[in-house]
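One structure is given below, encoded as C-alpha cells.
No lab work stands behind these numbers, since they all come straight from the coordinates. Owing to the predicted nature of the structure, the values given are computational and were not obtained by experimental measurement. Here the Cβ positions follow ideal geometry from the backbone for every residue, glycine too, while neighbour counts run over all protein chains shown.
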Amino acid sequence: MKRRSLFQKMAAAPHIVWAVLFIVAPMIFVLYFALTDSDGNFSFENISSLSRYSNVFILSIAFALIATVVCLLIGYPLAYFMAKAKPKTQKILLVLVMLPMWCNLLIRTYALMALLDNGGLLNSLLESMGLDKLHIVGTNVGVILGMIYDFLPYMILPIFTVMSKLDKRYLEASADLGCNSFQTMTKVVMPLTVSGVISGVTMVFVPSISTFYISQKLGAGKVDLVGDTIERLFQTPSTYNVGAAMSLVMMILILISVGVMNRFSDDEGGIIV
C-alpha cells in the first residue's frame, strides 16, 4: 500500500478535525444522554419510555412515506422529460428545478404559508371567484404539501443525473427488438435508473421524517411529528435525556436509510454518501 505523504496528511487534518467536532462528538453526546438518567447513571429507561411516543413515530413515518411517494410520482416523469429535452431546454428546466433550493428552507416555507393561508393568495383568488376557501394550513395535508414542495428537487436531480447518462444504444436496441414506448420504459429505462430512484427516495425520506419547521408552520402547531417532539423535550431539563433517546432512534433510522442508499446506488447513481 502506498503511504500518504506529509502534505496529504496535513491536507486531510482539517477535515478530520471538523468531522470529529461536528459529527462524531455530537453523536457521542446524544448516545451518552440517551443511555443515562438525570443523575448520570446508566439506564435504559429513556429508551423504554419512547413507547409513549409510538403514535408520533407512526405519524412521522406515514407522512414521510406519503411525501416520498408523491415526489417520486411527480419527479420521475419530470426527470425523464428533462433528460429527453434539447440541451438548451434541459439547462432552463434544470435551473428552474434548482431555483427554489437557492432560497433558505424557512423562506420557502413562509412563502408557501403566504400562498395557502386562509387569507393568502390562493384563498383570496377563490373568494374573488365566489368559491369556498380551502383550509390547508393547520392540517395534515398542509404539512405533507410542504414536505413535497421543499424536497421535490432532491428527488428529481439524482434521477435526472442517471437518466442523462443512459446509453442511447439501449433504447435503440429496445426499439429494434420490437418494444413500444411503454415496454422500453418499464423494461429498459426503469431498471437502469434504480440507483437514481433509491438516492432520490432516501434524500426525500430522511429530511421528511426528521423535519420540524414545516410541521410547526404549515401544521400551525396542530401536527406533532418526531422533530417537534424532540425540540420540545430538549427545551425542558427534566426530559432532556428522553429527547436524546428519541434523537438516537432517529439517527439509527437515518443511518439505515443511508446504508440502503449506498447498497443499491453505484457510480452511475451520481450521489453516494
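General observations
- Span-like helix check, the chain: qualifying full DSSP H segments, with Cα axial length of 15 Å or more and mean Kyte-Doolittle of 1.0 or more, are 54-84, 87-98, 105-116, 140-164, 194-210, 240-264.
- Principal semi-axes in Å for segment 102-141 [√(5λ), Cα gyration tensor, largest first]: 22, 12, 6
- Its relative contact order, with pairs defined as Cα atoms under 8 Å and 6+ residues apart, puts the chain at 27 percent.
- Calculated mean residue ellipticity, 222 nm, the chain: -21500 deg cm²/dmol, from DSSP H runs (n ≥ 4) at -39500 (n - 2.57) each, averaged per residue and rounded to 500.
- Percent of alpha-carbon pairs separated by more than 22 Å within the chain: 68
- Order of 59, 99, 225 - criterion: other Cβ atoms within 10 Å of each residue's Cβ, fewest first: 99, 59, 225
- Value in Å of the Kirkwood radius, where segment 136-273 supplies the Cα pairs that are averaged: 17.3
- Chain lengthening between residue 44 and residue 101 when straightened (0.36 nm per residue, less Cα-Cα): 16.5 nm
- Additional length obtainable on full extension of the chain from residue 173 to residue 73, 0.36 nm per residue less Cα span: 33.3 nm
- Mean-square fluctuations from a GNM of the chain, with a 10 angstrom spring cutoff on Cα atoms, peak among 124, 210, 247 at 124.
- Above 18 Å, the calculated P(r) of segment 1-108 contains 77 percent of its Cα-Cα pairs.
- Fluctuation leader among 42, 205, 160 - the chain, Gaussian network, Cα springs under 10 angstrom: 42
- Sequence-distant residues sharing a close amide H with residue 36 (under 5 Å, placed H): 43
- Inter-label distance, nm, simple model (7 Å from Cα along the C-beta direction), residue 222/residue 37: 4.0
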